[in-house]
Each structure stands twice: as structure tokens, then as C-alpha cells.
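Below is one structure, written out as C-alpha cells; comments come after it.
The values are calculated or read from the model by the stated rules, or taken from the named source; none is laboratory data. In this text, all values refer to a predicted model and were calculated from it rather than measured experimentally. Note that we place each Cβ from the backbone using ideal geometry, even for glycine, and neighbour counts take in every protein chain shown. To get the accessible areas, we keep the full protein, side chains included, count just its heavy atoms, and leave off ligands, DNA and RNA. Shrake-Rupley method; radii C 1.70, N 1.55, O 1.52, S 1.80 Å.
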Amino acid sequence: MSKFAHPVRRRGGARAPRGAIAVLAAIWLAVAIAALGALDVGNVYLARRQYQRTADLAAIAGAQAIGSALGSAAACAAATSAAQSIATANGLPADATVSVACGRWDTPAAGAAPVFSAAGLPLNAVQVDVARRVPFLFVGPAHNVTAEATAKAIDVGTFTLATSTATLSGGMLNGLLNSLLGTNLSLGVVTYQNLAAAQVKLGDLATALHFGTIDELLNANVRLADLASAMITALGAGGTASADVTSALGAIAATVSTNLNVNLGNTANTSGLLAIGLSSPQGAQSASISVLDTLVVAAEIANGKSAIDLTPALNLGALANVSARAVVIQPPVLAVGEAGQDASGAWRTSAHAAQVRVYLNVSLVNLNLGPLAQVSVLNLPLYVEAGGQGTAYLQSTQCTTSKSTSRSTIVVQPGLASVCVGGDVAAANVANNTVPVSCTQPAKLTNVTLASLQVVGISVGNFSPPSGLSIPLQAAAPSTLTFNAVAGDSDDYQSTDTNALGSATASLLTSVVAQLPSALYVTVLGINIRVGDTGLLAQLLTGVVNGLTPVLNSLDGLLVPLLQLLGVQIGVSTVHDIALSCGEAQLVN
């Protein structure tokens, strides 16, 4: 028995290593398969990224082609060819498919998501689909990889709105810029005319300032000297630099105070150089701005002397809290963007300016005892614009093959003054450069609250629907101004005024009468009671205004010619149409 025992142990000992090796081999085989599968997945992922980039570039190329003749059916053939050429040039394999559809990108209704419709007219967008069967290198069958991109062609308009009259005079502009920049310029009228005619593309300006995107440009704060130098570089990149303009900008860059900085983008709380009215600001990279307008606006903003904090001067003691800010002589507002309205009905590109802005909030005997009681004897939030104020918006654009027949339509509402009393009035209103201030909430003048119950309150405005009190003195109707796309011709600067004071006053009285019956209400134990909200009062006031309106309107026949004869303009809003860039492509999906 013993002589057979040893061979048996040897055979048993040999089987054990072979079993371990089989298990290890299975494990390593599984690891190898997983690794190869991961490589396949990574390959598909990289292919999808490559095809998405190709689809994006092809859609942009197609939108640029279709934008050169918006609404033209023939443009679709050019757009398709451009998209397919770009896809091929970006190394798309021959077995991949590129589908191009022309259509319209629109927001159909308020609150609805934007959609692409192949049947929509006029044509303004291109949708590109890229597809390819990507074989797995090691494991499994080929995988279908797709990418889709949609680009829209937009027209980008650029204009400034100023509520003061300007004359192109060398002496006046020298004095203005020397005062603002701390320089000693002595430029001639011809030089200023050349500066006004010179235009810089925003994309070239961003590159000259070492920013990669328009968003980075808008978020930047730069020295005025650097801005002037960057405009020289940007003009050179665009091939539009002249020796006269370059010399003038060089002199400004060399002599301007190094302490002057400017925010390049406009925000709700801070005045900036540019207000971009595009959902994606990158679409404005080919939009152009005037060198002279840019210098004047940037200099006035950078000077920092227009915004005045009046709060320290109006300190009334411990029982009174006063907040006040004023802006005097606001610079022109520069707007860049697309025409028309968005889904909410707001104008995409607009500008609002006023010569004098005053924000005032007076709180008298304002006590807060937590949940027990809050007492406010007087709380008056007031916002006033005066000395000429106006609003302009880019209503529509029309691009053709000729600049002389291309059109930008800008609607301007000039005015003399406006007053707003409302709960939503804030100090930030003095920096609002896009739309008129709206009083959308009533202002609580007096309030006594005990244990979260409003015992007594007096409010200005209406509680239902909620609104404050708004009193504008402005032209009875806005003016529609039309500009061609030729820079430097006679229609670049156009003004409208409020000389028709009769109809402006009639419009003011109509607005006051409409608001007055419900402009004040008292709250007692949580119950709102309107003061003066009676049918008799409303009828009486309406009758008085209806009787005065024809008389006031007839005064315009006397006042307007008289003011024109005297060379007087009241409440002037001046629009400088700078440029119209047609068919700029912007990715939308």
C-alpha cells in the first residue's frame, strides 16, 4: 500500500496548480475583455464628440450662407453646400452621412420652447445631422453614432441713444475729451470725423484685449489707455486703420490718465460700455462699434463723476433713514443686438437714457420689534428722471445685397421727465440703461403691523392688479426712424423731440386720470379700501381731460413752429446708427 501512496500524492499535487492557473486565466480574460470593451466605449465617445463638433461647424457655415439672403429659397442650396463642405473639410469619414435641413428657428408663443420648423418661412436657420456606423474595435457589433446642431442667422444692429444734442465741433470735442481723460488733445474736425467713421468689430476688439470670447470681453474691466491701444490693433486686423485715426488713438493711449478704468459690459447695477441684446453674446463678434462713440461713452463712464451718493448729505438723525443717489448728464448708451421681441414681449435690443436721474427713499420713525410689531410713519420710495429722457429699441432689420437698400428701423420714445412712486423702486434704477423704469408694486407710505396683522396702512398705487404710481411727461407717440447700412452718410444721426408739448401734456393728464381713482388705498385690519375709487370722480376727471385734450392738441400747431423758428428743441433723443451686420451665425441647439 505504501508504494502506491506517493504517486497518488504527486498526481493530487499536480492537479491543484492547474486548477489555480485556470481560475487566474479566467479572471485575466475577463479583465482583458472589460479593458477592450472600455476601449471600444471610449472610441465611440470620442467619435461622438468629433461628430458633434463637425455638426456645430457645419450648421454655423450653413447659417452664414443662408443669412446672406434671408428668406430666399435659393439660399438653402448654398447653405447645404457650405455645411457639407465644412463637414468634409473637418475630416469626416467618407462613409458618414450629413443631412442638412433649412427652415426657421422661432419661439412660437410666450413661455413656449424655441423650435426648428423645416416648413417655416422666411428661412433663417440650418439644422445639420451627422451619422456614422462606428465599428467596435474588439467587442460587439458596430454602433450608430449621431450628432445634431442647429444654427440661426441673425442680423445684429449697433446704435447709441443720447438725450442731449451734439455738434461735431473740434473745439467742443477737444474740451470734452480733455476734461474727461485728463489729456491736452488738439485734434481737428477732420480727425473727429474720421474717428466717427472708423468702426471696430467686437471680435477683433476682444482678440486685441486678449479675450477668447465676447462673454469674457463683457465681463472685463480695462484701462482706457489699453482700450485705445486695443482699438488700434483691432482696426489693423480689420484692414480699416488710417494714419489719422491711428495717430489720434495713439496720442490718447499715451496721455490718458492711468487711473481711468471702464467696465466693458453693462449690468443691472453698474454702467458699462456695451449692452448686448443677444441670447448668446458670441453672436455679436462681427458687430461693429464707432471709435468716437466708444471713446466718448467709455470716457464718461470711466470718469465716475456722474453717479453721486447723496445719502451722507441728507442724514436727518436717528429717527429718519434716507437713501439717495443721483446721476447727472448721463453718457450715450451703446446697444448691440438682434431686432424684434423675445417670447415675453420685451425688445431684444433697447437703450434708455436720461440727463438727470434721482433716487430717493425716505423712512421716518421706522421701528421693527420682530414678530410683535412693525411701525413705519413714512416710507417714500421715489424715482425721477428729468432734463430729457428717452427710450429706443431696434424694431426690425432688413438685409439685402446692397448696404444702401438694407434697413434698420429704430423706434424712439422721447420725453421731458417721469416720476415713479413704487415698492420696487431701488437705487439700481439710476444705472438702468435698457428700458424705462416701471412701477409694478404699490408703495407702503405708512404701516402699523401687530403680530403679523396689518392694522393700519396707507399705500400709493393699486393693490389689484398691483402697481405703483407712474407719471411720464413724454411725446404722445413714439417716432420711427429708418437707417440704411451705409456708414458715414447723412442718415447716421437722427433726432426726435418733445416739442409737441400740448399733446404731451394731454397724454400726461390722461395717464394721471387713469391712475388717480385707484392711486391711493388704506388697509384696515388686513382689508384694502381704495380712496377716491368712485364712479362719479372717475367720470368727472375723464370729462375734464376730454374737454382739455382738443385745446392742448391745438397748441402744438402754434408751439412746434415757434420752437423750430427759435431753434429750440425740448426733450431731445438722438440716435446714432453705427452698423448693421447681416447674417451672423449663432448656435441655438
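Does Leu181 satisfy being open to solvent by less than 50 Å² (accessible area, probe 1.4 Å) and closer than 22 Å to Ala579 by Cα?
Working: open to solvent by less than 50 Å² (accessible area, probe 1.4 Å): yes; closer than 22 Å to Ala579 by Cα: no.
Judged against the criteria, Leu181 is not a match.
Which count do you get for residues in region 469-514 that are within 25 Å of Gly543 (Cα to Cα) and under 26 Å from the mean Cα position of the chain (by Cα)?
Keep residues of region 469-514 that are within 25 Å of Gly543 (Cα to Cα), which gives 469-477, 500-514.
Narrowing further to those that are under 26 Å from the mean Cα position of the chain (by Cα): 470, 472, 474-475, 477.
Result for region 469-514: 5.
Do we have any residue at all in region 103-123 that's open to solvent by less than 40 Å² (accessible area, probe 1.4 Å), at pLDDT 90 or above and of a type in the set (A, V, I, L, M)?
Within region 103-123, not a single residue is open to solvent by less than 40 Å² (accessible area, probe 1.4 Å), at pLDDT 90 or above and of a type in the set (A, V, I, L, M).
Anything in region 491-516 that is modelled with pLDDT under 85 and more than 14 Å from Val545 (Cα to Cα)? List them, or say none.
Asn499, Leu501 - these are the residues of region 491-516 that are modelled with pLDDT under 85 and more than 14 Å from Val545 (Cα to Cα).
This table checks each residue for (1) in contact with a helix residue (DSSP H, G or I) (Cβ under 6 Å, 6 or more places away or on another chain); (2) not charged (D, E, K, R).
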{"residue": "Thr434", "(1), (2)": "no, yes"}
{"residue": "Val437", "(1), (2)": "yes, yes"}
{"residue": "Lys444", "(1), (2)": "no, no"}
{"residue": "Ser479", "(1), (2)": "no, yes"}
{"residue": "Gly488", "(1), (2)": "yes, yes"}
{"residue": "Asn499", "(1), (2)": "yes, yes"}
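Do you know which of the residues in region 290-318 that are touching a Lys or Arg at 6+ places or on another chain (Cβ under 8 Å) and not polar (S, T, N, Q) is modelled with the lowest pLDDT?
At the first step, the residues of region 290-318 found to be touching a Lys or Arg at 6+ places or on another chain (Cβ under 8 Å) are 307-311.
Restricting the remaining residues to those that are not polar (S, T, N, Q) gives 307-310.
Numbers: Ala307: 54, Ile308: 60, Asp309: 64, Leu310: 62.
Among those that are touching a Lys or Arg at 6+ places or on another chain (Cβ under 8 Å) and not polar (S, T, N, Q), it is Ala307.
Could you check how many residues of region 468-522 are open to solvent by less than 40 Å² (accessible area, probe 1.4 Å), of a type outside the set (A, V, I, L, M, F, W, C) and either farther than 27 Å from Val384 by Cβ or free of Cβ contacts under 8 Å to residues at least 40 places away in the same chain (or both)?
The total comes to 4.
Sort out which residues of region 399-455 are under 26 Å from Thr505 (Cα atoms) and of a type in the set (A, V, I, L, M), and write them in order of number.
Ile410, Val411, Val412, Leu416, Ala417, Val419, Val421, Val425, Val430, Val435, Val437, Ala443
Determine whether region 28-42 contains at least one residue that is at pLDDT 80 or above, of a type in the set (Asp, Glu) and surrounded by 17 or more Cβ atoms within 10 Å (Cβ to Cβ). Spell out how you get there, then give the answer.
Here is the first cut: in region 28-42, the residues at pLDDT 80 or above are none.
Checking region 28-42: not a single residue is at pLDDT 80 or above, of a type in the set (Asp, Glu) and surrounded by 17 or more Cβ atoms within 10 Å (Cβ to Cβ).
Among the residues of region 232-266, which ones are polar (S, T, N, Q), open to solvent by 70 Å² or more (accessible area, probe 1.4 Å) and under 20 Å from Ile301 (Cα atoms)? Can you show your working first?
First, pick out the residues of region 232-266 that are polar (S, T, N, Q): 233, 240, 242, 246-247, 255, 257-259, 261, 263, 266.
Remaining after also requiring open to solvent by 70 Å² or more (accessible area, probe 1.4 Å): 233, 240, 247, 255, 258-259.
Listed by number, the residues that qualify are Thr255, Thr258, Asn259.
Determine, yes or no, whether Phe159 is assigned to a loop (DSSP other than H, G, I, E, B), open to solvent by less than 60 Å² (accessible area, probe 1.4 Å), of a type outside the set (Ser, Thr, Tyr) and at pLDDT 85 or above.
Working: assigned to a loop (DSSP other than H, G, I, E, B): no; open to solvent by less than 60 Å² (accessible area, probe 1.4 Å): yes; of a type outside the set (Ser, Thr, Tyr): yes; at pLDDT 85 or above: yes.
Against the criterion (assigned to a loop (DSSP other than H, G, I, E, B), open to solvent by less than 60 Å² (accessible area, probe 1.4 Å), of a type outside the set (Ser, Thr, Tyr) and at pLDDT 85 or above), Phe159 does not qualify.
Being out of contact with any Pro (no Cβ under 6 Å at 6 or more places or on another chain), surrounded by fewer than 18 Cβ atoms within 10 Å (Cβ to Cβ) and in contact (Cβ under 8 Å) with a residue 12 or more places away in the chain is true for just one of Gly422, Gly340, Gly370, Gly388. Which residue is that?
Gly340
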